[in-house]
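Written out below as structure tokens is the structure these notes cover.
The values are calculated or read from the model by the stated rules, or taken from the named source; none is laboratory data. This is a predicted model, so every value here is computed, not measured. With ligands, DNA and RNA removed, areas are computed over all heavy atoms of the protein, side chains included. Shrake-Rupley method; radii C 1.70, N 1.55, O 1.52, S 1.80 Å.
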Amino acid sequence: MFKKLFIGLSLLLISLVSIAQPLNSNTAKADEIAQVMIGVGPAKAEAIIKDRKERGDFKTLDDMTRVKGIGLATIAKNRDNISIE
């Protein structure tokens, strides 16, 4: 019984993740960024917020590479998870 429940809950979670909208990196809070972006922890998330406040919104996802520690590989891993609008 627990196995069926676990499988059912797992499938539900996968379904919810697949229909979730990408996180807007221009409005998201640091904790949201750290939870959604693969390879980005709390410190890098705070750096993203700081950069956004100092230099303005990101015009493209690649603009996020102006944040130290965020490279094109990180952006590539997260293209489906984040947006700029």
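Matching residues to (1) under 16 Å from Asn81 (Cα atoms); (2) modelled with pLDDT under 95:
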site	(1), (2)
Met1	no, yes
Ile7	no, yes
Ile49	no, no
Asp57	no, no
Thr60	yes, no
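Restricting attention to the stretch 45-85, and to residues there that are open to solvent by less than 20 Å² (accessible area, probe 1.4 Å) and assigned to a loop (DSSP other than H, G, I, E, B), which single residue is nearest to Ala20 (Cα to Cα)? Within the stretch 45-85, the match that is nearest to Ala20 (Cα to Cα) is Phe58.
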